[in-house]
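K.L.:
Following this message is one structure expressed as structure tokens.
The values are calculated or read from the model by the stated rules, or taken from the named source; none is laboratory data. This one's a predicted model, so the numbers in the text were calculated from it and none came from an experiment. Quick reminder, even Gly has a Cβ in these numbers, built from the backbone with ideal geometry, and neighbours come from all protein chains shown. All accessible areas refer to the heavy atoms of the entire protein, side chains included, with ligands and DNA or RNA removed. Shrake-Rupley method; radii C 1.70, N 1.55, O 1.52, S 1.80 Å.
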Amino acid sequence: MSPLEITPELLAEHRLTAEEYARIVEILGRAPNLAELGIFSVMWSEHCSYKSSKRHLAKFPTEAPWVVCGPGENAGIVDIGDGQVAVFKMESHNHPSFIEPYQGAATGVGGILRDVFTMGARPVALLDPLRFGDPAHPRTRHLVGGVVAGIGGYGNCVGVPTVGGETTFHRAYNGNILVNVMCVGVAEADRVFYARAAGVGNPVLYVGAKTGRDGIHGATMASAEFSEASEARRPTVQVGDPFTEKLLIEACLELMQKDCVVAIQDMGAAGLTSSSFEMAARGGCGIELDLDRVPLRETGMTPYEILLSESQERMLVVLRAGHEDEAYAIFAKWGLDCAVVGRVTDTGRMVVRWRHSVAADLPVQPVSGAAPVYDRPWVEAPRPIPEPADDRIAPVDHGTALLRLLSCPDLASKRWIWEQYDHMVMADTVQGPGGDAAVVRVHGTRKGLALTTDCTPRYCQAHPRTGGMQAVAETWRNLTAVGARPLAITNCLNFGNPERPVIMGQLVGCIEGMAEACRALDFPVVSGNVSLYNETDGQAILPTPNVGGVGLIEDLSGMVGIAWPHDDLSLLLIGESTGWLGCSLYLRELCGREDGAPPPVDLAAERRNGDFVRKRIRAGEVLACHDLSDGGLLVAVAEMMLASRSGVHLAIPDGLPSVAGWLFGEDQARYLVVVDAARVATFVAAAADAGVQARVIGVTGGDGLTLVGHPPISRNSLCEAREGWLPAFMGEGSS
Amino acid sequence: MRAAVVTFPGSNCDRDLVVAMEAVFGTSVRRIWHQESDLPSLDLIGLPGGFSYGDYLRCGAIAARSPVLGAIARHAERGGFVLGICNGFQILTEAGLLPGALIRNAGLAFVCRMVEVEVAETSSAFTRGYTGAATVRLPIAHHDGNYVVDEEELARLEGEGRVAFRYRDNPNGSRGSIAGVLSLRRNVLGLMPHPERAVDPLLGSVDGRPLFSSLLAAVGR
């Protein structure tokens, strides 16, 4: 290759600093060629190397007796009994989705599916936490429509049910939406595959779609701030083909039954480069790649382009030598391209050949292991001062307030979205979207996996540490509310530019809060992803550490939902209410204020209350359960009532400091449970014994929501408020 | 019951259909690969939901020309039962084994929900078990379930009692709210709703069961 002239522009284009370049020269003992520079650029990108977050991610607890594999592999793994494991991870596809919402979101789904089936797991569920800009922003509707269609288009075709997620709106995401996707799979514990290359001479097999020029520098794009100029990057967004992905899933899982796979890794961000480097690095070996054998879709591609392409639906497999024909037969059956493109070596080097010459020759460990790690300066966010509650009363009655909250974009029903997702395919969806956690039966068993994603970005913005704790606590609570034992979490940490100390402070605060909650709740982190530089023209998103939780229900007969079965049952509130309105949706939607402190998270109370509720659910005493979160008590009651197609009479206790606080406050560690009236006394006594506050607040029945002393609100009007907003928003005008 | 389910590349409800059939039939169900052109003697062949060959052309258009469809047509000619669900229904119309066509939903979006379906015809081997049940609840999940058929054919279908299922609240714009139709000899049924997703009380409905148990009774073994 011709010698490369290193200019500041070239380095800037590759998002490498002068110091980083100096380090590259030091490692190589020479100047890199263009292909090598490209490799360093992606391998040392924020997206691949976690260089800004690494030292703080180390604060997460990652171990528990039921954790089989923690962070560092393609996905995390937990034991779910009977020789089975759950494999799961969450990832972001924010930047591509903003530029090209359909393909950006679709390929986000494809990427996370590959992370899971590459470990030998059959994907069984997808969940999507989505954050969009202000509904009034001219692009929002287009983005919602495109992202939802993209997720559906991909997930529906591959035949993995999309069972949950979240969709919220805030102007802070106007120029930078968040599209995160979580995938959960199930595998046999003794059939798990890792991405560790081994065995000198073993063939390296390329499988799946052909390589084109799409997505070159996707990982670097994901590591840069946005600007108006980013629109011009549309060609760097990859295009997904869910049909090929479906074939790839079936073919890979079939191959994995054959005892001939040594290591396997998907070609995700940074494509062939990162998959081969990561496999070689984990296995402590080297790899020789022959680019002339890579199946190409376009002519005239350079080594640089072949190495950095992010064409979708491709896998790299290290086979046991001698089993090539077995593999060819399987991939031929599924109509997929497959070619031996290299061999495992013991040199510790990645040697890339192209047209009889060496296109790149790099030491594996320094490229993937010696990426710079930054201790970026950060400032701790000050703790906001709570204000007295009494000056935060909206000038409307409680019924009107409830209707306005139910129809606000964050609380309005997302049926319009999840009805576009096949949430029932695989015929194991026991609880679909719309409840606290989705429940997917482990195929052929009585077990269920409870799944949820949660985060309250406005709390994280107000006080990152509290917000981080709350995201984990709410995840744990949602799993508990269906009767599951929370096992572990994955996460996707979405933040702005970490080079700004305030943003870095948000990241550190959220991580520390999450870590504290994970420790207190025995709820370790087993996988995750970091997405930084979520800014457009200097405007950062709200700090959004999305948490994805997995819980286990050993016997599905012990599961509950949010709908109660019949009238004349007692509705009980579990947990303490102080009427906390700071940072609440009530404050934002009805008083037009986003200030105050978020509700404090008392992890001991969280654990105590949750353990109590789960125990009562498992004892069969609880007929319905719902956790309290956004919008507080009255919103939760209305949601249960609507799911039950029933009504409820609710008492307001005497002597409250603020009725609005009682009805709409967002105190944590609380649940609503529905119990047979005859069992209330023993239930309350058991709560007292456990040190848990439980009080009867209402009785089920009737045709609407009646707050004692106020005019009743019909179920129809509640239903219209909740169901009406999103279809009306998406239906307005033409797209 | 000698039953089989076809897998096309891109089928994704094949396993679900096998599981449901085995649960009701109590016998194991054979899997057929799309390239098989010689089939053993069978009582029932199921064409599952999904996206055969990616459905990048019209839904079911490529599958209708695959090797296995010839064998399925011969099976149907001999009077064997054929059940096409969702993509399977689309394939059967593309293959000419059922009249009409399935085009994009009137609302243009994919729709997945539990719907109420009227069993419009109980005098068929597929639907006899629904006698007395006015409406049943079955899930739908499709982008192209809008059944179209010309005036003349529609009159024939209605007149011959070949409309097997009808939506109560038409979710996709189908002509005559048609959710499922029978062939002239009543041994081929295509329907958009997914009975295989409604055989287990845990999943919210068992209204798919009578369809399979009717077939079991009709085959009589």
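A quick yes/no check of all residues on (1) touching a helix residue (DSSP H, G or I) at 6+ places or on another chain (Cβ under 6 Å); (2) within 23 Å of A:ASN534 (Cα to Cα); (3) part of a helix (DSSP H, G or I); (4) open to solvent by less than 60 Å² (accessible area, probe 1.4 Å):
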site: A:ILE24; (1), (2), (3), (4): yes, no, yes, yes
site: A:ILE27; (1), (2), (3), (4): yes, no, yes, yes
site: A:ARG30; (1), (2), (3), (4): no, no, no, no
site: A:GLU36; (1), (2), (3), (4): no, no, yes, yes
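K.L.:
Pairs, please: C-beta under 8 Å, at least 6 apart or cross-chain, first residue free of Cβ contacts under 8 Å to residues at least 40 places away in the same chain and in the stretch A:19-30, second of a type in the set (A, V, I, L, M)?
P.N.:
These pairs meet every condition: A:TYR21/A:ILE6; A:TYR21/A:LEU11; A:ILE24/A:LEU16; A:ILE24/A:LEU37; A:VAL25/A:ALA31.
K.L.:
Counting only residues that are of a type in the set (A, V, I, L, M, F, W, C) and over 23 Å from A:GLY561 (Cβ atoms), which one in the stretch B:205-221 is surrounded by the fewest Cβ atoms within 10 Å (Cβ to Cβ)?
P.N.:
Filtering the stretch B:205-221 for residues that are of a type in the set (A, V, I, L, M, F, W, C) and over 23 Å from A:GLY561 (Cβ atoms), the one surrounded by the fewest Cβ atoms within 10 Å (Cβ to Cβ) comes out as B:ALA217.
K.L.:
A further question follows. Show the residue pairs that are 6+ apart or on different chains and have beta-carbon atoms under 7 Å apart, the first residue being within the stretch A:46-59 and under 11 Å from A:PRO372 (Cα atoms) and modelled with pLDDT of 95 or more, the second being crowded, with 20+ Cβ neighbours inside 10 Å and of a type in the set (Lys, Arg).
P.N.:
From the stretch A:46-59, no pairs qualify.
K.L.:
Does any residue of the stretch A:185-201 turn out to be under 16 Å from A:VAL261 (Cα atoms), among the β-branched types (Val, Ile, Thr), away from chain B (no Cβ under 14 Å) and open to solvent by 10 Å² or more (accessible area, probe 1.4 Å)?
P.N.:
For the stretch A:185-201, residues under 16 Å from A:VAL261 (Cα atoms), among the β-branched types (Val, Ile, Thr), away from chain B (no Cβ under 14 Å) and open to solvent by 10 Å² or more (accessible area, probe 1.4 Å): present.
K.L.:
Give, as residue ranges, the strands (runs of 3 or more DSSP E) completely inside the stretch B:114-186 that count at least 1 residues that are within 14 Å of another protein chain (Cβ to nearest Cβ) and either modelled with pLDDT of 95 or more or surrounded by fewer than 19 Cβ atoms within 10 Å (Cβ to Cβ) (or both).
P.N.:
B:135-142
K.L.:
Scan the stretch A:38-62 for residues that are surrounded by fewer than 22 Cβ atoms within 10 Å (Cβ to Cβ) and more than 20 Å from the chain's Cα centre (by Cα) and jot them down.
P.N.:
Those that are surrounded by fewer than 22 Cβ atoms within 10 Å (Cβ to Cβ) and more than 20 Å from the chain's Cα centre (by Cα): A:LYS51, A:ARG55.
K.L.:
Could you please give the count of residues in the stretch A:677-719 that are hydrophobic (A, V, I, L, M, F, W, C) and part of a loop (DSSP other than H, G, I, E, B)?
P.N.:
3
K.L.:
Another question about this same structure. Within the stretch A:149-158, is there a residue that is open to solvent by 10 Å² or more (accessible area, probe 1.4 Å) and within 14 Å of another protein chain (Cβ to nearest Cβ)?
P.N.:
Yes - at least one qualifying residue is present in the stretch A:149-158.
K.L.:
Same structure again: Taking the stretch B:79-102 as the region of interest, how many residues are open to solvent by less than 20 Å² (accessible area, probe 1.4 Å), assigned to a helix (DSSP H, G or I) and touching a Lys or Arg at 6+ places or on another chain (Cβ under 9 Å)?
P.N.:
1
K.L.:
Restricting attention to the stretch A:355-376, does a residue exist that is surrounded by fewer than 21 Cβ atoms within 10 Å (Cβ to Cβ) and at positive phi?
P.N.:
Yes, the conditions are met somewhere in the stretch A:355-376.
K.L.:
Can you spot a residue in the stretch B:36-44 that is at pLDDT 95 or above, over 20 Å from B:ARG197 (Cα atoms), in a loop (DSSP other than H, G, I, E, B) and within 14 Å of chain A (Cβ to nearest Cβ)?
P.N.:
Yes, the stretch B:36-44 contains at least one residue that is at pLDDT 95 or above, over 20 Å from B:ARG197 (Cα atoms), in a loop (DSSP other than H, G, I, E, B) and within 14 Å of chain A (Cβ to nearest Cβ).
K.L.:
Across the stretch B:189-204, what is the total count of residues that are part of a loop (DSSP other than H, G, I, E, B) and open to solvent by less than 10 Å² (accessible area, probe 1.4 Å)?
P.N.:
The total comes to 4.
K.L.:
Same structure, new question: Failed condition for B:ASN105, given (1) surrounded by 18 or more Cβ atoms within 10 Å (Cβ to Cβ); (2) in contact with a helix residue (DSSP H, G or I) (Cβ under 7 Å, 6 or more places away or on another chain); (3) part of a loop (DSSP other than H, G, I, E, B); (4) not charged (D, E, K, R), with all others met?
P.N.:
All conditions are met except number (2).
K.L.:
Suppose we filter the stretch A:258-288 for residues that are within 13 Å of A:MET315 (Cα to Cα), modelled with pLDDT under 90 and assigned to a loop (DSSP other than H, G, I, E, B); how many remain?
P.N.:
3
K.L.:
Anything in the stretch B:62-78 that is away from chain A (no Cβ under 14 Å) and not in a helix (DSSP H, G or I)? List them, or say none.
P.N.:
B:ARG78 - this is the single residue of the stretch B:62-78 that is away from chain A (no Cβ under 14 Å) and not in a helix (DSSP H, G or I).
K.L.:
Here is a follow-up. Determine whether A:TYR374 is of a type in the set (Ser, Thr, Tyr), out of contact with any Gly (no Cβ under 9 Å at 6 or more places or on another chain) and either part of a loop (DSSP other than H, G, I, E, B) or within 14 Å of chain B (Cβ to nearest Cβ) (or both).
P.N.:
yes
K.L.:
Within the stretch A:534-559, which residues are open to solvent by less than 10 Å² (accessible area, probe 1.4 Å) and in a loop (DSSP other than H, G, I, E, B)?
P.N.:
Across the stretch A:534-559, the qualifying residues are A:ASN534, A:ILE541, A:PRO543.
K.L.:
Give the number of residues within the stretch A:600-628 that are crowded, with 20+ Cβ neighbours inside 10 Å, closer than 16 Å to A:THR475 by Cβ and not hydrophobic (A, V, I, L, M, F, W, C).
P.N.:
Residues in the stretch A:600-628 being crowded, with 20+ Cβ neighbours inside 10 Å, closer than 16 Å to A:THR475 by Cβ and not hydrophobic (A, V, I, L, M, F, W, C): 6 in total.
K.L.:
Quick one: what pairs do we get from the stretch B:118-132, first residue on the phi < 0 side of the Ramachandran plot, second among the hydrophobic types (A, V, I, L, M, F, W, C) and assigned to a loop (DSSP other than H, G, I, E, B), C-beta under 9 Å, 6+ apart or different chains?
P.N.:
Qualifying pairs under 9 Å: B:GLU118/B:ALA134; B:VAL119/B:ALA133; B:VAL119/B:ALA134; B:THR122/B:ALA133; B:THR127/B:ALA120.
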